[in-house]
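The values are calculated or read from the model by the stated rules, or taken from the named source; none is laboratory data. Predicted model, so just to flag it, every value in this text is computed and none were measured. Methodologically, a virtual Cβ is constructed for each residue, glycine included, from the backbone with ideal geometry; neighbour enumeration extends over all protein chains shown. Only protein heavy atoms, including side chains, enter the accessible area calculation; ligands, DNA and RNA are left aside. Shrake-Rupley method; radii C 1.70, N 1.55, O 1.52, S 1.80 Å.
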Amino acid sequence: MVVELATGTTGALVTRVVNFELEAAFVSEPFTAPSLQARRVFEERLVLVTSKAIRKVSGPADLGRSTLIAFAQGCSYRKRIEEWLGSGNVMPERTMEFASYQAMIACVAAGTGFAVVPKSVLETMGATKSVRQHALPKRFSHNRTYIVWHGDPSPSLQCLLSLLVTAAV
(Lines give C-alpha, C1' and ligand atoms only; values in the text may rest on other atoms or scores of the structure.)
Protein backbone atom coordinates (compact mmCIF):
# COMPACT_ATOMS: atom_id res chain seq x y z
CA MET A 1 0.00 0.00 0.00
CA VAL A 2 1.28 3.46 -0.94
CA VAL A 3 -0.07 6.60 0.66
CA GLU A 4 0.50 9.91 -1.07
CA LEU A 5 -0.12 13.31 0.43
CA ALA A 6 -1.22 16.23 -1.73
CA THR A 7 -1.91 19.75 -0.55
CA GLY A 8 -4.06 22.43 -2.07
CA THR A 9 -6.98 24.72 -1.54
CA THR A 10 -10.34 23.28 -0.56
CA GLY A 11 -11.72 23.98 -4.03
CA ALA A 12 -8.80 22.27 -5.78
CA LEU A 13 -8.89 19.23 -3.49
CA VAL A 14 -12.65 18.74 -3.86
CA THR A 15 -12.26 18.92 -7.64
CA ARG A 16 -9.49 16.30 -7.55
CA VAL A 17 -11.65 13.92 -5.48
CA VAL A 18 -14.68 14.50 -7.73
CA ASN A 19 -12.46 13.75 -10.77
CA PHE A 20 -11.12 10.54 -9.11
CA GLU A 21 -7.57 11.96 -9.01
CA LEU A 22 -7.52 11.54 -5.22
CA GLU A 23 -9.32 8.92 -3.18
CA ALA A 24 -10.03 11.33 -0.33
CA ALA A 25 -9.14 14.78 0.94
CA PHE A 26 -9.29 16.86 4.09
CA VAL A 27 -11.20 20.03 3.28
CA SER A 28 -12.40 22.98 5.26
CA GLU A 29 -15.87 24.44 5.17
CA PRO A 30 -17.44 26.06 3.30
CA PHE A 31 -17.32 23.66 0.36
CA THR A 32 -19.80 22.17 -2.08
CA ALA A 33 -19.50 18.51 -2.99
CA PRO A 34 -22.97 16.91 -3.21
CA SER A 35 -21.62 13.81 -5.01
CA LEU A 36 -19.15 13.01 -2.21
CA GLN A 37 -19.41 11.38 1.19
CA ALA A 38 -18.22 13.64 4.02
CA ARG A 39 -17.34 13.15 7.67
CA ARG A 40 -16.46 15.92 10.11
CA VAL A 41 -12.97 15.33 11.47
CA PHE A 42 -12.11 18.28 13.69
CA GLU A 43 -12.92 21.86 14.60
CA GLU A 44 -10.62 24.81 14.95
CA ARG A 45 -10.66 28.53 15.59
CA LEU A 46 -9.49 30.99 12.99
CA VAL A 47 -7.92 34.29 14.04
CA LEU A 48 -7.10 37.49 12.19
CA VAL A 49 -3.40 38.28 12.42
CA THR A 50 -1.73 41.64 11.91
CA SER A 51 1.63 43.14 12.68
CA LYS A 52 2.28 44.11 16.30
CA ALA A 53 1.90 47.77 15.25
CA ILE A 54 -1.86 47.34 14.82
CA ARG A 55 -3.26 47.47 18.34
CA LYS A 56 -6.93 46.67 17.85
CA VAL A 57 -9.23 45.46 15.08
CA SER A 58 -12.91 45.60 16.00
CA GLY A 59 -14.26 45.32 12.49
CA PRO A 60 -13.29 45.30 8.81
CA ALA A 61 -13.08 49.11 8.63
CA ASP A 62 -10.18 49.06 11.12
CA LEU A 63 -8.00 47.45 8.47
CA GLY A 64 -8.45 50.35 6.07
CA ARG A 65 -7.26 49.44 2.62
CA SER A 66 -4.34 47.25 3.66
CA THR A 67 -3.09 44.11 1.95
CA LEU A 68 -4.75 40.72 2.38
CA ILE A 69 -2.22 37.90 2.62
CA ALA A 70 -3.83 34.59 1.73
CA PHE A 71 -3.68 31.29 -0.10
CA ALA A 72 -4.91 31.16 -3.71
CA GLN A 73 -8.55 31.45 -4.76
CA GLY A 74 -10.44 28.34 -3.66
CA CYS A 75 -9.11 28.52 -0.09
CA SER A 76 -11.94 28.32 2.44
CA TYR A 77 -10.14 30.60 4.91
CA ARG A 78 -9.66 33.22 2.20
CA LYS A 79 -13.35 33.01 1.37
CA ARG A 80 -14.20 33.61 5.04
CA ILE A 81 -11.99 36.69 5.38
CA GLU A 82 -13.32 38.10 2.11
CA GLU A 83 -16.90 37.60 3.37
CA TRP A 84 -15.99 39.29 6.68
CA LEU A 85 -14.42 42.23 4.84
CA GLY A 86 -17.44 42.42 2.53
CA SER A 87 -19.79 42.55 5.53
CA GLY A 88 -18.15 45.91 6.33
CA ASN A 89 -17.97 47.05 2.69
CA VAL A 90 -14.18 46.86 2.85
CA MET A 91 -11.94 45.78 -0.02
CA PRO A 92 -8.26 45.08 0.56
CA GLU A 93 -5.86 47.39 -1.29
CA ARG A 94 -4.40 44.27 -2.86
CA THR A 95 -4.09 40.54 -2.23
CA MET A 96 -0.79 38.70 -2.04
CA GLU A 97 -1.01 34.94 -2.49
CA PHE A 98 1.35 32.54 -0.75
CA ALA A 99 1.62 28.75 -0.60
CA SER A 100 2.64 28.38 3.05
CA TYR A 101 1.63 29.62 6.47
CA GLN A 102 5.29 30.37 7.23
CA ALA A 103 5.51 32.87 4.35
CA MET A 104 2.14 34.40 5.20
CA ILE A 105 2.98 34.90 8.87
CA ALA A 106 6.44 36.30 8.06
CA CYS A 107 4.86 38.91 5.78
CA VAL A 108 2.26 39.81 8.39
CA ALA A 109 4.94 40.13 11.07
CA ALA A 110 6.91 42.43 8.75
CA GLY A 111 3.89 44.73 8.43
CA THR A 112 2.99 43.84 4.84
CA GLY A 113 -0.69 43.11 5.58
CA PHE A 114 -3.11 40.88 7.44
CA ALA A 115 -4.20 37.24 7.20
CA VAL A 116 -6.53 34.66 8.69
CA VAL A 117 -4.96 31.49 10.06
CA PRO A 118 -5.94 28.70 12.45
CA LYS A 119 -4.92 29.59 16.01
CA SER A 120 -3.37 26.13 16.31
CA VAL A 121 -1.01 26.88 13.41
CA LEU A 122 0.29 30.01 15.17
CA GLU A 123 0.88 28.01 18.32
CA THR A 124 2.53 25.08 16.52
CA MET A 125 4.84 27.41 14.62
CA GLY A 126 5.71 29.38 17.75
CA ALA A 127 4.54 32.53 15.97
CA THR A 128 2.18 33.87 18.64
CA LYS A 129 4.76 36.48 19.74
CA SER A 130 5.59 37.76 16.24
CA VAL A 131 2.08 38.86 15.27
CA ARG A 132 -0.98 40.28 16.99
CA GLN A 133 -4.11 38.11 17.07
CA HIS A 134 -7.59 39.58 16.77
CA ALA A 135 -10.86 37.72 17.34
CA LEU A 136 -13.31 37.35 14.49
CA PRO A 137 -17.08 36.98 14.89
CA LYS A 138 -18.03 33.34 15.53
CA ARG A 139 -19.51 32.77 12.07
CA PHE A 140 -16.10 33.57 10.58
CA SER A 141 -13.85 32.09 13.26
CA HIS A 142 -15.47 28.74 14.00
CA ASN A 143 -14.28 26.26 11.42
CA ARG A 144 -14.86 22.56 10.75
CA THR A 145 -12.66 20.31 8.64
CA TYR A 146 -14.07 17.25 6.87
CA ILE A 147 -12.71 14.26 5.01
CA VAL A 148 -14.51 13.71 1.68
CA TRP A 149 -14.52 10.68 -0.63
CA HIS A 150 -16.54 8.85 -3.29
CA GLY A 151 -18.96 6.01 -2.44
CA ASP A 152 -17.73 2.99 -0.54
CA PRO A 153 -14.25 3.57 0.91
CA SER A 154 -11.38 1.28 -0.05
CA PRO A 155 -9.90 -0.89 2.73
CA SER A 156 -7.07 1.64 3.18
CA LEU A 157 -9.47 4.57 3.41
CA GLN A 158 -11.72 2.58 5.77
CA CYS A 159 -8.70 2.08 8.04
CA LEU A 160 -7.97 5.83 7.99
CA LEU A 161 -11.62 6.62 8.76
CA SER A 162 -11.48 4.22 11.71
CA LEU A 163 -8.34 5.91 13.01
CA LEU A 164 -10.00 9.31 12.70
CA VAL A 165 -12.97 8.14 14.75
CA THR A 166 -10.61 6.73 17.41
CA ALA A 167 -8.60 9.96 17.52
CA ALA A 168 -11.76 12.04 17.93
CA VAL A 169 -12.90 10.06 20.98
Original post:
Do you know which residues across segment 1-30 are open to solvent by 60 Å² or more (accessible area, probe 1.4 Å) and under 13 Å from the mean Cα position of the chain (by Cα)?
Top reply: THR7, PHE26
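In segment 107-148, how many residues are in a strand (DSSP E or B), crowded, with 18+ Cβ neighbours inside 10 Å and hydroxyl-bearing (Ser, Thr, Tyr)? Steps first, please.
Quick first cut of segment 107-148, residues in a strand (DSSP E or B) only: 114-118, 132-134, 142-148.
In the following step, the residues that additionally are crowded, with 18+ Cβ neighbours inside 10 Å were identified as 114-118, 132, 134, 143, 146-148.
Remaining after also requiring hydroxyl-bearing (Ser, Thr, Tyr): 146.
Looking only at that region, the number is 1.
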**OP:** Considering every residue within segment 36-47, establish whether at least one is at pLDDT 95 or above, farther than 26 Å from ALA6 by Cβ, open to solvent by less than 30 Å² (accessible area, probe 1.4 Å) and hydrophobic (A, V, I, L, M, F, W, C).
**Re:** yes
**OP:** Would you kindly identify the strands (runs of 3 or more DSSP E) lying entirely within segment 1-92 that contain at least 2 residues that are touching a residue at least 40 places away in the same chain (Cβ under 8 Å) and closer than 21 Å to HIS150 by Cα?
**Re:** 24-28, 37-50
